[in-house]
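**Q** Following this message is one structure expressed as structure tokens.
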Amino acid sequence: MHGVKKILSFTLALATVVPFTLSGCTQSAPADATQSSSAASAASGESSAAPKETVTLKLMTGDKKIQGLDRVQKAVNDYLAEKNTGLQIDWETYSWDDLKQKTATMLQTGQEADIMNTSSWITPGYVAHCQRDEFTDITKYINDSQYQDVVNIIGKDFLDGTKVNGKYYGMPTNKEKAHNFGFLCQTAELKKLNIDPSSIKTMDDLAKYFDQVKADGLIPVCAAQMDSPYKFLDWDAFDADNSPFAFDPNDEKTIVNPFTADKTIAFYKEMKTWHDKGYFSPDVLTSKGQETDMATGKYFCGSWSLMPGKAQTESASLKLDLTQIDITPVEKTNRETLGALLAIPSSSKHPDEAFKFISMLYTDKTLINLMTYGVEGTDYTKKSDNVITVSKDSDFTSAGGWIMGNEFNNYLTDLQSPTLFTDIEAYNNSAKVLDDLGFVYDTSKCKTEYAACQAVVTKYYPQLFYGTCDVDSTVAQMKSEFKTAGIDTLLADVQSQYDAWVKSK
């Protein structure tokens, strides 16, 4: 029990020291550090008495197919048994594309699962799943006194940004609460070509070196699905990534279709040039995931959502030496509130147990580090209480702590800055807060148009993003299909709801 109190005290202290709340909002009060030992036990998932039965939860996470999963899962389950939680996990991991396909089918058909990754960018998107009643309403847990420590760790204001029609359905990872886009590049190639990272301010600044990169035997750009240089256009896409409505951050009053906007069409034409010059992999249209491809070491760079220390985190995860180059401004958007969540499918027969496990990912430092870094002595060694060295011989390559729980309870690797958490606080505070933060589009009046227009995006974006088609004729055909799908009706409905939301604030 003493160890449990230490873990909880660390978490509560961190929630006090690193107050990641939205600008202009009231800071969430820290959890009461003097809570009773029984309350601490409930928060950490520990039970003083053996549970009546053990429940095995099916957990589905994304980013990559994790190696070494079986033995790490066994270590997790041994730990859960040692704490008398009454819980075990059956952990399945997938690339994001495979997770999207798998979970979409499961949710539509009601196949049983207990916990899964979701987000605004895993199409059809978190909001769409909520509005289809495919996720469990977790409002009662958010309001339950035994889980207020978790609410305080995340921050009530930030948690409120996940609401759909006034209800909570997902638990966002407690991590950075802003973003910008940029490149992650192989450090050795930057040095070989004498590229000063600070001199790269735009996508084109780096692209001028791509012919030399090719000559050195590397594929210049690693990209997959919507993880592409399209990000550098910096559209404020507040719904799913394949939803054809967004704001330009410089004009947050008018909803537009970003996929047919002039600056996007110019981007398509540049990507056509990149394709013709061989800057993408020949297999880019069938790639399963950017992380998986980049880890092969065959690519020079990729476009990433960034934060302080991103290069160090990805270097450890991908086992590459990477350098970070920031391109777009730092912003707080709905991408953060809906960017990485855990949800409980409506098909789950164990929602209470599922939420109990999810809550432990925020409060139990041992558990989250087991699932992030694996087993001490096999997958990493400790240099100090909170700093580790990841073993080069480890076959466990997890997605990292950003996909679930409380990332600020993660150990720091010896590749990361010791001031990482305070750097993230400063990063959050420096961000521009976009006007639509907290706005969620309700598709109920335009379900048909919404689905039909998303289907048009899904049909055309790969060939346009990666330059495998004639741009003008393809865009003309895409516009025609948008018209048939009801894009004008959809945009008008989104605009109407947004205008009403602004007036209500």
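The values are calculated or read from the model by the stated rules, or taken from the named source; none is laboratory data. Note that this is a predicted model, so its numbers are computed, not measured. Cβ atoms come from the backbone with ideal geometry, glycine included; neighbour counts cover every protein chain shown.
**Q** Would you be able to tell me the number of residues in segment 179-199 that are among the aliphatic types (A, V, I, L, M) and touching a Gly at 6+ places or on another chain (Cβ under 8 Å)?
**A** 1
**Q** Here is a check on your reading of the model: is Gly125 crowded, with 19+ Cβ neighbours inside 10 Å and of a type outside the set (S, T, N, Q)?
**A** Yes; evaluated as a whole, the condition is true for this residue.
**Q** Ok, one more. Please count how many residues of segment 342-394 are among the aliphatic types (A, V, I, L, M) and assigned to a helix (DSSP H, G or I).
**A** Within segment 342-394, residues that are among the aliphatic types (A, V, I, L, M) and assigned to a helix (DSSP H, G or I) number 8.
**Q** Filter segment 152-189 for residues that are assigned to a loop (DSSP other than H, G, I, E, B) and of a type in the set (Asp, Glu) and give the result.
**A** Within segment 152-189, just Glu176 meets the criteria.
For (1) within 30 Å of Thr363 (Cα to Cα); (2) of a type in the set (Phe, Trp, Tyr); (3) in a loop (DSSP other than H, G, I, E, B), each residue gets a yes or a no:
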{"residue": "Gln416", "(1), (2), (3)": "yes, no, yes"}
{"residue": "Ile424", "(1), (2), (3)": "yes, no, no"}
{"residue": "Tyr441", "(1), (2), (3)": "no, yes, yes"}
{"residue": "Lys447", "(1), (2), (3)": "no, no, no"}
{"residue": "Tyr450", "(1), (2), (3)": "no, yes, no"}
{"residue": "Ala455", "(1), (2), (3)": "no, no, no"}
{"residue": "Pro462", "(1), (2), (3)": "no, no, no"}
{"residue": "Val494", "(1), (2), (3)": "no, no, no"}
{"residue": "Gln497", "(1), (2), (3)": "no, no, no"}
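**Q** Shifting gears a bit: What pairs come out if I take residues in segment 488-501 that are of a type in the set (Asp, Glu) and at pLDDT 95 or above and pair them with residues that are surrounded by fewer than 14 Cβ atoms within 10 Å (Cβ to Cβ) and assigned to a helix (DSSP H, G or I) whose C-beta lies under 6 Å away, six or more apart or interchain?
**A** Qualifying pairs under 6 Å: Asp493/Lys445.
**Q** Which pairs turn up if I take residues in segment 339-365 that are in contact (Cβ under 8 Å) with a residue 24 or more places away in the chain and of a type in the set (Ser, Thr, Tyr) and look for partners that are part of a strand (DSSP E or B) and buried (at least 21 other Cβ atoms within 10 Å of the Cβ) with beta carbon separation below 9 Å, at least 6 apart in sequence or on another chain?
**A** Taking only residues 6 or more apart or on different chains, the pairs are Ser346/Phe135; Ser348/Leu57; Ser348/Ile115; Ser359/Met171; Tyr362/Met171; Tyr362/Asn174; Tyr362/Asn406; Thr363/Asn406.
**Q** Pairs needed: first member in segment 259-272, in contact (Cβ under 8 Å) with a residue 60 or more places away in the chain and basic (Lys, Arg); second member anywhere, buried (at least 18 other Cβ atoms within 10 Å of the Cβ) and part of a helix (DSSP H, G or I); C-beta distance under 9 Å; at least 6 residues apart or different chains.
**A** Listed by first residue and then by second, the contacts come to Lys269/Val471; Lys272/Leu464; Lys272/Val471.
**Q** If you scan segment 93-109, which residues turn out to be farther than 12 Å from Lys64 by Cβ and surrounded by 16 or more Cβ atoms within 10 Å (Cβ to Cβ)?
**A** Lys100, Lys102, Thr103, Ala104, Met106, Leu107
**Q** Next question. Residues to consider are Asp137, Asp78, Asp149, Asp97; find the one that is in a helix (DSSP H, G or I), within 24 Å of the chain's Cα centre (by Cα) and either under 17 Å from Pro351 (Cα atoms) or at pLDDT 95 or above (or both).
**A** Result of the check over Asp137, Asp78, Asp149, Asp97: Asp149.
**Q** Can you pull out every residue in segment 487-505 that is closer than 27 Å to Lys269 by Cα and more than 30 Å from the chain's Cα centre (by Cα)?
**A** Asp488, the sole residue that qualifies.
**Q** Further question on the same structure: For the subset of segment 265-288 comprising residues that are part of a loop (DSSP other than H, G, I, E, B) and surrounded by fewer than 22 Cβ atoms within 10 Å (Cβ to Cβ), which member is nearest to the chain's Cα centre (by Cα)?
**A** Here the answer is Lys288.
**Q** So which strands (runs of 3 or more DSSP E) are wholly in segment 214-264 and hold at least 2 residues that are among the aliphatic types (A, V, I, L, M)?
**A** Numbers: elements: 219-222, 246-248, 251-256.
It comes to 219-222, 251-256.
**Q** Something else now. So which residues in segment 124-134 are touching a helix residue (DSSP H, G or I) at 6+ places or on another chain (Cβ under 9 Å) and assigned to a helix (DSSP H, G or I), if there are any at all?
**A** Across segment 124-134, the qualifying residues are Val127, Ala128, His129, Gln131.
**Q** Let me ask something else about it. Among the residues of segment 151-201, which ones are among the β-branched types (Val, Ile, Thr), touching a helix residue (DSSP H, G or I) at 6+ places or on another chain (Cβ under 8 Å) and closer than 30 Å to Phe300 by Cα?
**A** Thr173, Ile195, Ile200
**Q** Let me ask something else. Can you find, within segment 289-304, the residue that is surrounded by the most Cβ atoms within 10 Å (Cβ to Cβ) among those that are assigned to a strand (DSSP E or B) and touching a Phe, Trp or Tyr at 6+ places or on another chain (Cβ under 9 Å)? Walk me through it before giving the result.
**A** Step one: list which residues in segment 289-304 are assigned to a strand (DSSP E or B), which gives 299-304.
The next check asks that each one be touching a Phe, Trp or Tyr at 6+ places or on another chain (Cβ under 9 Å); those that pass are 300-304.
Working: Phe300: 26, Cys301: 29, Gly302: 23, Ser303: 22, Trp304: 25.
Checking each candidate, the answer is Cys301.
**Q** Which of the following residues is crowded, with 20+ Cβ neighbours inside 10 Å, aliphatic (A, V, I, L, M) and within 20 Å of the chain's Cα centre (by Cα): Ile358, Ile388?
**A** Answer to the check: Ile358.
**Q** Quick check on this structure: which one of Ala215, Ala237, Ala246, Ala207 is aliphatic (A, V, I, L, M) and surrounded by fewer than 16 Cβ atoms within 10 Å (Cβ to Cβ)?
**A** Ala215
**Q** Let me ask you something else. Criterion first (under 24 Å from Ala188 (Cβ atoms) and touching a helix residue (DSSP H, G or I) at 6+ places or on another chain (Cβ under 9 Å)) does Asp283 satisfy it?
**A** Spelling it out, Asp283 is indeed under 24 Å from Ala188 (Cβ atoms) and touching a helix residue (DSSP H, G or I) at 6+ places or on another chain (Cβ under 9 Å).
**Q** In segment 395-412, what count of residues is obtained for those that are touching a strand residue (DSSP E or B) at 6+ places or on another chain (Cβ under 8 Å) and either without any contact (Cβ under 8 Å) to a residue 40 or more places away in the chain or in a loop (DSSP other than H, G, I, E, B) (or both)?
**A** 5
**Q** For residues that are surrounded by fewer than 20 Cβ atoms within 10 Å (Cβ to Cβ) and more than 16 Å from Thr286 (Cβ to Cβ), scanning just segment 450-459, find the one that is modelled with the lowest pLDDT.
**A** Ala451
**Q** Can you tell me which residues in segment 310-336 are part of a loop (DSSP other than H, G, I, E, B), of a type in the set (Ser, Thr, Tyr) and surrounded by fewer than 21 Cβ atoms within 10 Å (Cβ to Cβ)?
**A** The answer is Thr328, and nothing else.
**Q** Can we say Ile344 is at pLDDT 95 or above, surrounded by 18 or more Cβ atoms within 10 Å (Cβ to Cβ), touching a helix residue (DSSP H, G or I) at 6+ places or on another chain (Cβ under 8 Å) and farther than 23 Å from Ile138 by Cβ?
**A** no
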